[in-house]
Structure formats: C-alpha cells, structure tokens
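Worksheet for the structure shown next.
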Amino acid sequence: MSHSENPHVELFRQEALELLADVQECLLLIEDAPEDKDAINRLFRAMHSIKGAGGMFGYDRITDFTHHVESALDQVREGRLAISRELIDLVLASHDCIKEMLDDEKSMSQDRLQEIQRGLESLGGSNAIAPTSKAAIKTPSSGLSMYRIRFRPDARIFFSGTDPMRLIQELSEMGDCRIVCNLSEVPGFAALNPELCYLYWDIILRTKSTLNQIEDVFIFVASESQIDISIVDEEDIEDSQYKKLGEILVERGDIPKENLEQALHESETIGARLIKKSLVDPHKIESALAEQEMVRSARAKRQQETAMASIRVNADKLDRLVDLVGELVTAQARISRIAESIRTNQELSDVAEELESLTTRLRDETMGIRMVPIGSVVSTFRRLIRDLAKDLKKDIEFTCIGEETELDKGVIERLKDPLVHIVRNSTDHGIELPEIRAAAGKPAQGNIRLEAMHSGAHVLIKITDDGKGLDIEAIHRKAIDKGLVSPDQNISENELFQLIFAPGFSTAEKVTELSGRGVGMDVVRQNIEALRGSISIDSAKGKGITITLKLPLTLAIIDGLMVTMDQDSFIIPLASVEECVDLDHQEMDKIKGRNILNLRGVAVPFVRLRERLHRTTKTPEREQVVITNLEGKRMGVVVDAVVGSHQTVLKNLGPAMRQARDVSGATILGDGSVALILDLQSIQ
C-alpha cells in the first residue's frame with residue numbers, strides 16, 4: 001500500500017503539517033525574543049515528533065534530515081548554540097523542505113538537504129556559547145516541573161537547633177514528593193555518636209515552585225550543608241520514556257562511568273550487578289529507581305490526559321454534523337408551527353418549547369466546535385512579511401492583537417487569501433524603505449498590525465500599516481484616465497478610496513513580481529462580499545492606511561427576524577436589527593413622499609420592500625418598519641408584518657437566482673416553503 005493509500009500515513013501527514021505550522025510560528029517568535037525558553041522547547045518537541053513519527057511511517061529521508069535539525073535545536077536548548085538570523089533562516093528552509101517531502105519525498109534534491117545540513121553544522125562550530133549554569137535554571141512559566149534534590153546536612157546540624165525533618169516536611173508541602181533516606185554512612189553501634197547526623201536524603205519533588213523558592217527552604221543551612229538541586233522533568237516534555245538506571249546514577253555522581261560500563265557486560269539486571277560488585281550503595285539504587293518511576297509515571301499520566309482531552313475529527317464529518325443540525329433546526333421549526341396551530345394541546349406545546357431550547361443549545365455547541373482562532377493563520381503572515389521584507393530590503397515588524405478571536409472554520413479558510421493579498425500590499429506598497437522613512441522623520445522600522453475583535457454577531461479585522469498611505473491625487477488622476485470619474489465631478493475622499501477595488505485599478509508606477517498589475521483588490525472585495533462581509537478603508541497620506549473587514553461569525557446558521565410581504569416570507573439578519581416600529585401613514589402624508597421616518601426626533605431613511613422588489617399588489621392599511629444598523633448607518637425596511645425571531649439555516653441560491661439583487665441566500669421554513677434572506681448591504 002502506498003503512502004497516499006494508507007489512512008494511518010494520511011493521519012501522520014496531517015499531524016506533521018500541524019507540527020510544521022507550530023515550527024514556523026515558534027521560529028518567528030524566537031527571532032523576536034531569543035530568550036523565550038517556552039518557544040525553544042516547543043520548537044524542539046515539534047521537530048522531535050516529526051522525526052519520530054516519520055520513521056514509523058516510512059518517511060526515512062524526513063527522519064534522517066530532521067535528525068540534523070533536531071541536533072542543532074538541542075544545542076540551542078542546552079545553551080550551547082546562540083540564536084542568530086542565519087540559524088532561523090536555515091531552520092525555516094528545513095521547514096519548507098520537510099513540507100515538500102511530505103508531498104513527495106523524491107522531489108527534494110539531496111544537494112539542497114546537504115547544503116542545509118552543512119550550514120547547521122558550521123553554526124554549531126562558530127556560534128557555540130557556554131552551557132547554562134545551574135543558577136540560571138528556571139521553572140517554565142506554565143505547568144509543573146520535577147526536581148531532584150540531594151540534601152546532605154552537616155554532621156553537627158543538631159548543635160544549631162535545626163531539625164532536618166522540618167525542612168523535608170516543608171519541601172513535601174510544595175507538591176508531590178518522594179523521599180529516600182540514605183543510611184550508608186551510619187557507623188556501627190560502638191562508633192555511633194547520637195549527637196551527630198549521619199543521614200542524607202534524596203528527594204524527588206514535582207511542583208510549580210521555582211528553583212529560588214526551593215533554595216529558600218535551605219537558606220539557613222546552605223552554608224554548612226551540601227545541597228544539589230536540578231530539574232529532571234518539565235511539564236511540557238511529551239516523551240514518556242526517561243533515562244535508564246545507570247544514566248541516572250552517573251548523572252548524580254553516585255558511580256563512575258567506567259564502573260557502569262564494566263557492569264553492563266553481565267547478564268543480571270544493572271541494579272543487582274552494581275550491588276553485587278559493591279560498586280554502589282543499595283540506598284542510591286533505591287533513590288534512582290524512585291526518580292525513574294516518578295518521572296515515567298508523571299509523563300505517562302500527562303500523555304493520557306492529553307489524549308483524553310482532545311480528539312481529532314475529520315473536517316468533512318464536522319460539515320456533515322452542521323448539515324444535520326441545520327435539518328434538525330428546520331424540523332424543530334415545523335414542530336413549533338404545528339404546536340402553535342393546535343393551541344389546545346398543552347403537552348405538545350411544552351415538548352415543542354423544550355425541543356426549541358435543546359435545538360438552540362445543540363446549534364450553539366456545534367457551531368462552537370467549528371470555531372477556529374484567527375491566530376491559526378497568523379504565522380503565515382509572519383513568515384510572508386519576514387520573507388518579503390528581506391527581499392525588498394525593508395525592516396518591518398508585524399504584530400497581532402486578538403489572536404484568540406474565533407471565526408467559523410469555513411470563514412477562516414476563505415479569508416486567508418484576501419488577508420494575504422492585503423498584507424502583501426502593505427509590505428510592498430505601504431511600508432517605505434528605511435532610508436526614505438528616516439528622511440521623512442519616521443523610525444526606520446515599519447509596522448504592520450493585524451487586530452481582530454468581536455462586534456456582536458460579527459468579527460472586525462483591521463490591518464494597519466504606518467507607511468505612506470494612499471495618494472488621493474494619484475488615485476483621482478488614475479480614475480479620470482480610466483474613465484471612472486469625470487474631471488469636473490465632485491467626489492468624496494471615501495468614494496475615491498473605494499475606487500481601488502475597481503478591476504484593473506492600480507497607481508503603481510511599475511509592475512513588480514509582487515503587485516502592480518491592478519489585479520487583486522477587486523478580488524479581495526468579491527471574496528469578502530461572498531462571505532457576507534464588508535470592507536472599508538481609512539488612510540492619511542504619509543501616515544499609513546487601515547483596512548477594516550467586517551465578517552459574520554458563521555456561514556451556516558444565523559438568528560434572523562422573519563417578516564412578510566403579501567404571502568411571502570423574508571429573513572433579516574437579527575444581528576443588524578435595532579427595533580421594530582409601526583409606520584404612521586398620517587406622518588407619511590406630511591413628508592410628501594420623502595422616505596424619511598421621524599424616530600423619536602431622529603430622521604431615519606427607509607426603503608419600501610414592496611417597491612424594491614417591484615410588487616404591484618395593494619399596500620395593506622397597516623405596515624411595520626424594521627430599523628437596522630449596518631456599519632453605523634441606520635436604515636428602515638418597510639414590510640407588511642413582523643412575525644418574530646427565527647433560527648435560519650442558510651442555503652445557497654441556485655444558478656437561476658445567482659444574479660438576483662437584494663438577497664444573499666435562502667432558508668426552508670417549518671411548512672416547507674422557502675424564505676429569502678435579505679442582503680442589507682445591497683438594499684442600503
């Protein structure tokens with residue numbers, strides 16, 4: 001069976017791609033903050049996982065190549081290799097090679113792999129730095145760590161009135177603790193002095209406390225006692241294996257390495273051999289076994305908890321689940337309609353009400369499963385800006401605010417390309433060269449910022465740069481040349497900004513490999529509008545530009561307000577509705593045909609849905625107005641009647657209605673009829 005035909009291999013590929021995304025994100029974080037130990041550990045673990053899993057599924061070239069990268073990262077983790085721009089470039093290149101080999105191992109040139117390997121090896125020789133001292137060891141900011149502590153008090157400790165057991169008890173209160181008392185130095189009864197302390201202790205402590213906090217326990221006996229503290233396990237290490245017994249004993253200094261190698265050639269267990277040859281005290285063996293058991297147990301427990309905390313589900317299954325929930329919402333609407341028509345059956349009404357509540361909760365939970373943080377695509381922009389800035393000889397810093405803001409998976413997937421184009425434009429056209437920025441009194445380093453935030457049932461995404469901004473005069477001249485506006489036409493600044501979304505519109509003086517052909521921003525707007533979103537621009541010449549995207553949280557199910565006209569039903573997205581009022585016909589007579597509503601002293605324009613859809617039927621005596629608010633603009637929609645809120649399962653319009661204006665989709669009602677969803681953006 002080939003790689004592509006094996007479902008387990010496909011699962012490995014998916015996991016490897018996720019790990020590679022984590023590798024890229026960590027590298028870009030480390031480039032900005034080389035002291036970020038958590039990011040360095042995450043990077044090493046991701047590369048280690050790719051290497052291990054690749055060997056299991058037959059990706060031998062990936063395993064061999066990743067081993068070299070992992071070795072370099074291990075030197076970084078141990079403080080023997082400095083973070084540098086060259087190292088980041090090489091590991092990013094390794095990331096790209098591994099990603100390409102996941103698709104086809106044979107496609108990657110061996111010369112390219114060897115070039116990267118040689119680069120990593122050369123850095124290991126030239127950028128080596130001194131290993132981190134024990135005093136520099138710090139507990140990671142998140143999770144627990146396991147410490148090995150050897151407490152050998154001064155023999156005359158009792159003379160100062162200190163009880164060693166109180167110190168050990170204080171340590172045990174810091175977390176899970178395993179204590180082994182060593183009796184090897186206790187003399188025979190005849191030589192025993194009851195006023196001296198012959199004992200020492202090995203303690204394995206799993207705690208959230210820092211090294212400094214542990215050292216504070218021994219602060220009053222540190223000068224007279226021998227105290228050794230080291231980290232033997234960190235909460236973020238995923239490998240369930242641990243050092244072998246002999247390795248622990250050598251690391252502790254309980255046995256020389258030569259004696260261990262001598263004992264390894266015999267058939268008995270290593271512990272029994274060492275004791276038999278009197279190479280190590282039995283209490284030290286017991287202590288090393290306790291450490292080994294405790295670390296392995298903690299790691300196995302973490303892996304089990306991680307496996308139980310999450311489960312990998314195919315995206316197609318999630319899509320089918322959303323479709324089924326949509327059908328359930330439609331069926332629930334039918335039951336509610338039947339229950340309302342049979343008002344005499346209270347039991348049916350109660351069941352319908354309970355079913356509506358459960359369906360709403362199920363809908364919200366299902367939508368929550370599909371929600372993905374926007375930060376999942378941010379690493380793509382970091383890498384894009386880094387590479388483009390390097391090619392364009394620009395110095396650009398990228399920041400992201402609100403990475404945890406969540407959007408529907410489908411929205412995220414379709415949003416990525418428009419965002420990439422906007423970010424590329426900011427990098428190429430927006431941010432100036434360092435010398436030009438300096439001449440204009442700006443910092444040499446430019447800034448691009450992506451900010452995401454929730455706004456009701458929508459998400460706002462702002463992409464801001466502090467570059468040269470839009471040139472109004474250049475846009476106006478280009479618009480006149482292309483016949484989009486006449487020379488004497490009075491046009492606002494905002495209307496001019498909107499012209500950059502016209503097909504083929506570009507003010508670039510020359511075409512580059514990145515942009516300048518006038519293709520892109522029109523597609524960006526088309527893609528955003530296809531997501532039922534909107535895009536706006538704010539710019540100041542010489543100061544920069546802000547592009548704001550407003551997008552719905554989900555594309556599958558929304559809360560809507562059902563209204564009617566004649567015998568037809570329509571849905572207005574509830575997130576845009578402010579209130580509903582009656583239309584006063586006497587008031588309408590006073591304004592003499594102008595579509596302006598006096599709403600508590602505030603003038604609000606309105607449109608008649610009947611006129612908008614060219615209906616010729618008679619207007620009813622009583623009409624209602626739905627007051628909507630879209631991007632801060634209030635507008636009324638006059639309808640025959642307002643029915644009430646409605647859970648709306650969105651359905652795409654067929655090819656026959658694809659060009660229909662003022663509607664963005666449809667939904668199926670409880671009686672099987674179809675209701676069109678009004679597009680307020682178009683109506684406005």
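The values are calculated or read from the model by the stated rules, or taken from the named source; none is laboratory data. From a predicted model like this one, the values you see are computed outputs, not experimental measurements. With ideal geometry, Cβ positions are generated from the backbone for all residues, glycine too; neighbour counts draw on all protein chains shown.
Output the residues belonging to the stretch 184-210 that are within 53 Å of the chain's Cα centre (by Cα), assigned to a loop (DSSP other than H, G, I, E, B) and under 14 Å from residue 151 (Cα atoms). Break it down stepwise before answering.
The initial filter retains those residues of the stretch 184-210 that are within 53 Å of the chain's Cα centre (by Cα), namely 199-210.
Next cut, assigned to a loop (DSSP other than H, G, I, E, B) only: 199, 208-210.
Within the stretch 184-210, 199 is the sole residue that qualifies.
Does the stretch 191-205 include one or more residues that are at pLDDT below 85 and farther than 29 Å from residue 293 by Cβ?
Within the stretch 191-205, not a single residue is at pLDDT below 85 and farther than 29 Å from residue 293 by Cβ.
Hey, can you tell me all the residues within the stretch 419-454 that are of a type outside the set (A, V, I, L, M) and under 27 Å from residue 313 (Cβ atoms)?
So in the stretch 419-454, the residues of a type outside the set (A, V, I, L, M) come out as 421, 424-430, 432, 434-435, 437, 441-443, 445-447, 449, 451, 454.
Hit for the stretch 419-454 is 454, nothing else.
Mind listing just one residue for me: the one in the stretch 361-407 that is among the hydroxyl-bearing types (Ser, Thr, Tyr) and out of contact with any Lys or Arg (no Cβ under 9 Å at 6 or more places or on another chain) and, of those, farthest from residue 27 (Cα to Cα)?
Of all residues in the stretch 361-407, those among the hydroxyl-bearing types (Ser, Thr, Tyr) come to 366, 376, 379-380, 399, 405.
Remaining after also requiring out of contact with any Lys or Arg (no Cβ under 9 Å at 6 or more places or on another chain): 366, 376, 379, 405.
On the way: 366: 34, 376: 15, 379: 10, 405: 22 Å.
Across the stretch 361-407, the extreme among qualifying residues is 366.
Return yes when residue 172 is small (Gly, Ala, Ser) and either at positive phi or buried (at least 16 other Cβ atoms within 10 Å of the Cβ) (or both) and no when it is not.
Numbers: small (Gly, Ala, Ser): yes; either at positive phi or buried (at least 16 other Cβ atoms within 10 Å of the Cβ) (or both): no.
It is false that residue 172 is small (Gly, Ala, Ser) and either at positive phi or buried (at least 16 other Cβ atoms within 10 Å of the Cβ) (or both).
Testing residue 405 on (1) among the hydroxyl-bearing types (Ser, Thr, Tyr); (2) under 18 Å from residue 552 (Cα atoms); (3) over 29 Å from the mean Cα position of the chain (by Cα), one condition comes back false. Which one is that?
For residue 405, the failing item is (3).
Somewhere in the stretch 360-374, is a residue touching a Cys at 6+ places or on another chain (Cβ under 9 Å), under 24 Å from residue 461 (Cβ atoms) and hydrophobic (A, V, I, L, M, F, W, C)?
So the first thing to find is which residues in the stretch 360-374 are touching a Cys at 6+ places or on another chain (Cβ under 9 Å), and the list is 374.
Remaining after also requiring under 24 Å from residue 461 (Cβ atoms): 374.
Checking which are hydrophobic (A, V, I, L, M, F, W, C) leaves us with 374.
Within the stretch 360-374, one or more residues are touching a Cys at 6+ places or on another chain (Cβ under 9 Å), under 24 Å from residue 461 (Cβ atoms) and hydrophobic (A, V, I, L, M, F, W, C).
Within the stretch 625-635, which residues are surrounded by fewer than 13 Cβ atoms within 10 Å (Cβ to Cβ) and either assigned to a loop (DSSP other than H, G, I, E, B) or among the polar types (S, T, N, Q) (or both)?
Just the residues of the stretch 625-635 that are surrounded by fewer than 13 Cβ atoms within 10 Å (Cβ to Cβ), to begin with: 632-633.
Matches in the stretch 625-635: 632 only.
Taking into account only those residues within the stretch 432-456 that are assigned to a strand (DSSP E or B) and not polar (S, T, N, Q), which is nearest to residue 378 (Cα to Cα)?
Here the answer is 450.
Does residue 378 satisfy the condition of being closer than 26 Å to residue 316 by Cβ and in contact with a Phe, Trp or Tyr (Cβ under 9 Å, 6 or more places away or on another chain)? Explain how you work it out, then say what you get.
Numbers: closer than 26 Å to residue 316 by Cβ: yes; in contact with a Phe, Trp or Tyr (Cβ under 9 Å, 6 or more places away or on another chain): yes.
It is true that residue 378 is closer than 26 Å to residue 316 by Cβ and in contact with a Phe, Trp or Tyr (Cβ under 9 Å, 6 or more places away or on another chain).
May I ask you to list pairs of residues, at least six apart or on different chains, whose Cβ atoms are under 8 Å apart, with the first in the stretch 355-373 being of a type in the set (D, E, K, R) and the second being not in a helix (DSSP H, G or I)?
Listed by first residue and then by second, the contacts come to 363/557; 363/647; 370/408; 370/554; 370/556.
Is it true that some residue in the stretch 392-408 is farther than 30 Å from residue 532 by Cβ, in contact (Cβ under 8 Å) with a residue 40 or more places away in the chain, among the β-branched types (Val, Ile, Thr) and in a strand (DSSP E or B)?
Yes, the stretch 392-408 contains a residue that is farther than 30 Å from residue 532 by Cβ, in contact (Cβ under 8 Å) with a residue 40 or more places away in the chain, among the β-branched types (Val, Ile, Thr) and in a strand (DSSP E or B).
Among the candidates 421, 429, single out the residue that is crowded, with 19+ Cβ neighbours inside 10 Å and part of a helix (DSSP H, G or I). Reasoning before the result, please.
Details: 421 fails: crowded, with 19+ Cβ neighbours inside 10 Å.
Being crowded, with 19+ Cβ neighbours inside 10 Å and part of a helix (DSSP H, G or I) holds for just one of 421, 429, which is 429.
Which number in (1) farther than 22 Å from residue 205 by Cβ; (2) modelled with pLDDT of 75 or more; (3) small (Gly, Ala, Ser) marks the one condition that residue 145 misses?
Only one criterion in (1) farther than 22 Å from residue 205 by Cβ; (2) modelled with pLDDT of 75 or more; (3) small (Gly, Ala, Ser) is unmet by residue 145, namely (1).
Looking at 352, 389, 339, which is the one that is within 27 Å of the chain's Cα centre (by Cα) and farther than 30 Å from residue 458 by Cβ?
Numbers: 352 fails: within 27 Å of the chain's Cα centre (by Cα); 339 fails: within 27 Å of the chain's Cα centre (by Cα).
Exactly one residue qualifies, and that residue is 389.
Which residue out of 422, 431, 401 is at pLDDT 85 or above, under 23 Å from residue 368 (Cα atoms) and not acidic (Asp, Glu)?
On the way: 422 fails: under 23 Å from residue 368 (Cα atoms); 431 fails: under 23 Å from residue 368 (Cα atoms).
That would be 401, the only listed residue that is at pLDDT 85 or above, under 23 Å from residue 368 (Cα atoms) and not acidic (Asp, Glu).
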